[in-house]
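What follows draws every value from the coordinates through simple rules; no lab data is involved. What you see is a predicted model; the values in this text were computed from it and never measured. Positions of Cβ are backbone-derived with ideal geometry, glycine not excepted, and every protein chain shown enters the neighbour counts.
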Ligand SMILES: [Zn+2]
């Protein structure tokens, strides 16, 4: 069985490069703080349940969110909120199938239409020139408007709708105590 998470909220360090040893100590810290709970695996899919303080560490923007935190049967994955950490040997471009809306980091003009093919993205290899202010910037430095991210380490909270929740200050403080400056984005399939 392949787990098909349909949408989620993903955190990653702003820096493209991240040491695996730092990822391991951060994961231990997230477990200790009760953000991440027990590990589980189904076939080849491995992730963690939400921890006992998970709901306190995200700020839900709508009224009375319906968040399912217990492991469901195999037919009901689509509503199950859980956490997956992913470490990659090289920085990657991480996104869902949602249409990305990125903008020049200098002048803010939208430049989605002139993006190069990012399927083989590598750090600092693909430069875009802004059609308005002419600034040249690597694609990973564009403003991706919380629709995609670049890096080596990602903490994905699967099955949170786009803009349904944002990280709380205690969660950001915890993340920042391990590594300064985090971004987050939402993906959809
Ligand atoms: Zn510009």
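Which length gain, in nm to one decimal place, applies between residue 66 and residue 132 when the Cα-Cα distance is subtracted from 0.36 nm times their residue separation? Don't jump to the answer; show the numbers that get you there.
Numbers: separation 66, 0.36 × 66 = 23.76 nm, distance 4.33 nm.
Length difference between fully extended and current span is 19.4 nm.
Quick check: pseudo-label points 7 Å beyond the Cα along Cα→Cβ at residue 90 and residue 180, how many nm apart are they?
Going from the residue 90 label point to the residue 180 one covers 2.9 nm.
Distance between Cα centroids, region 36-64 to region 71-94: provide it in whole Å.
10
Counting only C-alpha contacts under 8 Å and six or more residues apart, can you give the relative contact order of region 119-189 as a whole percent?
Details: 44 pairs, mean separation 20.2, N = 71.
Reported relative contact order: 28 percent.
In whole Å, how far is the Cα centre of region 147-189 from that of region 105-139?
23
Give the relative contact order (percent, whole number) for region 102-143; include only Cα pairs under 8 Å separated by 6+ residues. Before the final figure, lay out each step's value.
Working: 54 pairs, mean separation 18.0, N = 42.
Relative contact order comes out at 43 percent.
State the extension gain, in nm to one decimal, for the chain segment bounded by residue 74 and residue 173, taking 0.36 nm per residue of separation less the distance between their alpha-carbons.
Numbers: separation 99, 0.36 × 99 = 35.64 nm, distance 3.52 nm.
Roughly 32.1 nm would be gained on extension.
Once both labels are modelled 7 Å past Cα along the beta-carbon direction, what's the residue 28-residue 141 spacing in nm?
So the label points at residue 28 and residue 141 sit 3.5 nm apart.
Kirkwood hydrodynamic radius of region 102-143 from all distinct Cα pairs, in Å?
Numbers: mean 1/r = 0.0981 Å⁻¹.
After inverting the pairwise mean of 1/r, the radius is 10.2 Å.
How large is the convex hull of the Cα atoms of the chain per residue, expressed in Å³ as a whole number?
Cα-based convex hull of the chain, divided per residue, equals 129 Å³.
Quick check on the chain: helices-only [θ] at 222 nm, where DSSP H runs of length 4 and up contribute -39,500 (n - 2.57) each and the sum goes over total residues. Nearest 500, please.
Working: 3 runs with 27 residues, N = 189.
Theoretical 222 nm ellipticity from helices: -4000 deg cm²/dmol.
To test your reading of the geometry: what angle, between 0 and 90 degrees and rounded to tens, separates the Cα axis of helix 169-178 from the longest principal axis of the chain?
Helix 169-178 sits roughly 70 degrees off the main axis of the chain.
Given Cα pairs under 8 Å that are at least 6 residues apart, what percent is the relative contact order of the chain? Write out the running numbers ahead of the final one.
On the way: 367 pairs, mean separation 70.6, N = 189.
37 percent.
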